[in-house]
Each structure stands twice: as C-alpha cells, then as structure tokens.
Amino acid sequence: MKTVVAMAATGAVAASAGGRQRGECPEFPEHGKRAFCLDTARLALGSLHAELSLQPKPGLVSPLDNGSHGDMTPATFMRSLFALRHYFTLICRAGMDGAPFAALKSLGIEAERRMLRATGGVNTHRGAIFSLGLLCAAIGQARARGAEPSAAALRAILLDCWGAELAAHTLAPPADSHGQRVAALHATGGARQEGALGWPAVFEVGLPALRATLTAGRDMRHARIDTLFALMAHISDTNVYHRGGSAGASTVRRQARRFMALGGSAHADWLARALACHRLFVRRRLSPGGAADLLAATCLVHAAATRGGQ
C-alpha cells in the first residue's frame, strides 16, 4: 500500500506543477513547497488506508468483511482513495497559500465528484474529504507560517483562518446528503458542527485516546481500536442515525462505552469483545462511518505532528 500511496501522491504533484507558476521564497522555494504538499498527501492517503485496513471495526468495511454495507467493499474504498490522490496535495497547497474557504470548498466539491465517478455513485469518503481536506489545508498553512504542525497549532489555524466560514457552513440549509438531513431531523451536530468547532472529537477525544494507548506500550493497531471506540462512545454519528435512528445511536454509544469501561484494548479478551460488537452492528445494520472518518483524521493529525517532532 505504501507504493500505491506514493505513486498516487506523486501523480498529484505532477498535475499541480503544471498549473500557474508561483514566485519562489528564498526560505521555502517552489520545489520545497511541492515536496511538502506531496508528503502531506501521503500522510492523508496513508491515514485513510490505515482506517480501511483496521479490523475489527464494528459495522464497517474492513479486510474482515463488508460490515453492514451491501454496496461497499475494500476495493470500493481503494478506488475512492486513489481518486482522491490529487485533492490532498492541491488543498494542502491552497492552505499554504492562504486560500479562502470558498476555494477550499470548491476543491472539496470536485474531489467528491471524482470519488463518486470512481465508485459508481457510492459515498465512501464524503466526510473524509471535508475533515482531512481541511486538516491538510491547516498543515499547509502551518508550514507557511514556519510553525510546527502540533495538534494545538493545527486547531488554532483551522479556527483562525476558516472558523467563521465553517460556522456559517454549519448554518446552511440541509443539502442532498443523508448526514445533513439526519442532523436536522435528530438535532445532532454531525460533521459540519465538528468543523465549526475545530474538530473537538479529533483533538479532545481521538488524539488523547490514541496517545494514551501508545504511551501504555501497546501498538498502533490497539491504539486505533481504542480511538475508534472512544469516538463511537462520544459523537452523535449521523451515519448511525440514518440507519438505526435514536435507538441505533444509543446502541452504538452503549456498546462503545462498555468496551472502553472494561479497559479497551488492554483487556485480555478485547478482540472477542470487539468482534461480538461487530456482529451485533451487522445484524442491526449499524455503521459508525462518522467515527471512522474521525479516526482517519486523528491518524493524520498524529502523523503530521510526529513528522514535525511534536
């Protein structure tokens, strides 16, 4: 997969290099900007692949099976991931150049079109296009400021550069997406509310869970499992509300909180418990896709901060 990610991101840089030439900065020349955006795209693509590869993920597509989905497979996600290879490079560069929210939104809309073409109309990564895209833009802007991409710096940049527009984006009327309609129906925040607040689920829930497991000496697989369950226990996932209503959302939160209360991946029987949760969600057709997107976003923030030495 590293080869696929590297080839995809390299193609993105080649495409972006053919566009408008920008003046070089003595401290950060044009070739350095392209290389940085390429590397950031690799981190984003790698984070999406890490989420896809993780198993067991209750109700979600993984190498184990297709979860609660009849229209998605791991191959569907790989086609989508490859289709997004240009997007992460371009939006990182846009963020580096201080682009307004409207320009970032335009890149996201085009990325969504490419995703849908690649998957035959299946929504695999709409939430990730929004969250990981804005994070890539923030990483680019951090580099332009000469700042390390620590979690605190990235969240501050998100709110400083695009906070007002993200808040206005939250107040926009529901569009033709399950998430927005469900958020309006059940009065849940969803992805837009997360964005308006600077992704608190990533910075206040996901990242601390990931780092706590790593600090305890367990490996990255265990850390990502704990992160996913911590996010499922915390967020109001519009994907779950869409499939299971309020009762389904309660089931997801209850199961996730029980898993974490028993010690998460530190419990000797954690794998069996996670698999039992997976089977339950599949029977009830529950799919916490919002938590999966936030897991990928958490992985990206961790990878960017680690690259920057934070």
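Table for the structure above
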quantity: Residue count for segment 226-244, restricted to those that are within 25 Å of Gly70 (Cβ to Cβ), part of a helix (DSSP H, G or I) and touching a helix residue (DSSP H, G or I) at 6+ places or on another chain (Cβ under 6 Å); calculated: 9
quantity: Residue list for segment 263-293, filter: in contact with a Ser or Thr (Cβ under 7 Å, 6 or more places away or on another chain) and open to solvent by 70 Å² or more (accessible area, probe 1.4 Å); calculated: Arg284, Arg285
quantity: Residue in segment 251-267 that is in contact with a Lys or Arg (Cβ under 8 Å, 6 or more places away or on another chain) and basic (Lys, Arg) present; calculated: no
quantity: Filter result (more than 20 Å from Ala276 (Cβ to Cβ) and either crowded, with 23+ Cβ neighbours inside 10 Å or at pLDDT 95 or above (or both)) within segment 235-262; calculated: Ile235, Thr238, Asn239, Tyr241
quantity: Complete set of residues in segment 46-102 that are without any contact (Cβ under 8 Å) to a residue 40 or more places away in the chain, outside any helix (DSSP H, G or I) and hydrophobic (A, V, I, L, M, F, W, C); calculated: Val61, Ala99
quantity: Filtered residue count, segment 218-234, keeping only those that are touching a residue at least 60 places away in the same chain (Cβ under 8 Å) and open to solvent by less than 30 Å² (accessible area, probe 1.4 Å); calculated: 5
quantity: Flag if Leu43 is farther than 30 Å from Arg283 by Cα, under 24 Å from the mean Cα position of the chain (by Cα) and either modelled with pLDDT of 95 or more or open to solvent by 40 Å² or more (accessible area, probe 1.4 Å) (or both); calculated: yes
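The values are calculated or read from the model by the stated rules, or taken from the named source; none is laboratory data. The model shown is predicted, which means the values in this text are computed figures rather than measured ones. Note that each Cβ is placed from the backbone with ideal geometry, even for glycine, and that neighbours are counted across all protein chains shown. Heads up: the accessible areas ignore ligands, DNA and RNA and are worked out on the full protein's heavy atoms, side chains in. Shrake-Rupley method; radii C 1.70, N 1.55, O 1.52, S 1.80 Å.
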